[in-house]
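Data first, discussion second: the structure below is written as structure tokens.
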Amino acid sequence: MKGNISYELLQKVKRGVRGLPSETRDVMKSFILSRMEESGAFMGKAPGADLYYTAFGWCLSSCFGVMPKPSRTAEYLSSFDPDSLDLIHYASFIKCHLLSKIGKGSLSSMLKAAVSRLPSRKPESFSAFPGDDPESPYSLFMLLNISQDCFGYTPNPTEVLASLERYRTGEGLYGGVEGGSSPSVQSTCCALVLKGYLEGFRKEAAEGLRSLQKENGGFKANGTAPVADLLSTAVALFTLSLYGVKPAFNAFDFIEAHLLDDGSFSSTVLDEDGDIEYLFYGLLSLGCI
């Protein structure tokens, strides 16, 4: 039986960490600590605490056993008014709240997190959505993720599944624009995760996504992208893992090619810099193969 999205992501990242050589693990731990601010929050590529990056940072901190002290996480989270956050940052806030309760991820701490969930918000309470579209596969995916992590609002399965059909571009493939004809990996993955949790993970539904993998093991964001990227590869491998579908090609060499000397990962082989978000994607990818 599948756990919720947050649980499955955390378990896959932990699996990726467990498979690392000890020297690589140590370098990655140092990188994580180098991106942690005095407040316990995390920066992106530029200095300064950022709620979005802190969600990735605390997930990694939990997996590497370097979570900030509870007093620091509580103080940082208390600086936000959750009801004023947009959809993406509210999802990050909720994730941070749960991770602050989980700590190193023991069974007792997960139970503690389960009983301390915050109340959810209804979709109409958000003033902004990704792409200004509250019904896109990505927006609906984020709403489902939030609803799983919170008490309260739960998406209507019939309405969600009907909405997804307006973004379908082919058998098992979806785009980010209603009525469009070009699929994207992100939209396809969001739609498939939604369908899996709402009507069951049937392997045949993921074959369209599987067919998008390139021979080098990676996935392109869309048909016009110049090269495969780590984010698209991570979310595709994660989605296939939820469906119990084996990728068409081994992705290990592709993932390893994005590992940087400082312990982070680059977004593509054309980039030279990494950040805490892409370290998450790299480890998620490793944990899904």
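For the pair D271 and F80, label points projected 7 Å from Cα toward Cβ lie 2.1 nm apart. Amide H to amide H, with H built 1.01 Å from N, F42 comes under 5 Å of E37, D50, T54, counting only residues 5 or more places away or on other chains. Amide H to amide H distances under 5 Å link T169 with Y174, G175, where only residues 5 or more positions off or on other chains count and H is placed in the peptide plane. Working note: Karplus 6.51/-1.76/1.60 with θ = phi - 60° gives region 164-175 the couplings 4, 4, 6, 10, 6, 10, x, 5, x, 10, 9, x Hz, where Gly and Pro are set to x. Two numbers describe the Cα atoms of the chain: Rg and Dmax, which are 18.2, 50 Å.
Could you report the chain's accessible area per residue, 1.4 Å probe, as an integer in Å²? Please report the intermediate quantities before stating the final value.
Working: 13220 Å² over 289 residues.
Normalised by residue count, the accessible surface of the chain is 46 Å².
Here region 1-64 is assigned +1 on the Cβ of each Lys and Arg and -1 on the Cβ of each Asp and Glu. Its dipole about the Cα centre then comes out at about 360 debye.
Can you tally the net charge around P137? Count Lys and Arg as +1, Asp and Glu as -1, for every other residue whose Cβ sits under 14 Å from the Cβ of P137. Write down the numbers at each step before the final one.
Values: positive: R166, R168, K195; negative: D133, E135, E159, E165, E178.
Cβ neighbours under 14 Å give a net charge of -2.
A simple rule links phi to the HN-Hα coupling: the Karplus curve 6.51 cos²θ - 1.76 cosθ + 1.60 with θ = phi - 60°, which for region 7-21 gives 5, 5, 4, 4, 5, 5, 5, 4, 5, x, 5, 4, x, 7, x Hz, with x for Gly and Pro. For the pair region 248-270 / region 39-109, the C-alpha centres are spaced 25 Å from each other. Once backbone amide H atoms are built at 1.01 Å from N, A221 has D229 as its partners under 5 Å, excluding neighbours fewer than 5 places away on the same chain. Of the accessible area of the chain, computed with a 1.4 Å probe over protein heavy atoms only, carbon and sulfur atoms account for 53 percent. Computed from backbone phi with θ = phi - 60° and the Karplus coefficients 6.51, -1.76 and 1.60, the 3J(HN,Hα) list for region 239-255 is 5, 4, 5, 5, 7, x, 9, 6, x, 5, 9, 5, 9, 4, 5, 4, 5 Hz; x is used for glycine and proline.
The values are calculated or read from the model by the stated rules, or taken from the named source; none is laboratory data. Fair warning: this is a prediction, and the values are worked out from it, not measured in the lab. FYI the Cβ positions are ideal-geometry reconstructions off the backbone, even for glycines, and counts take in every protein chain you see. Each accessible area value is taken on the protein alone, full model and side chains, heavy atoms only, with ligands, DNA and RNA left out. Shrake-Rupley method; radii C 1.70, N 1.55, O 1.52, S 1.80 Å.
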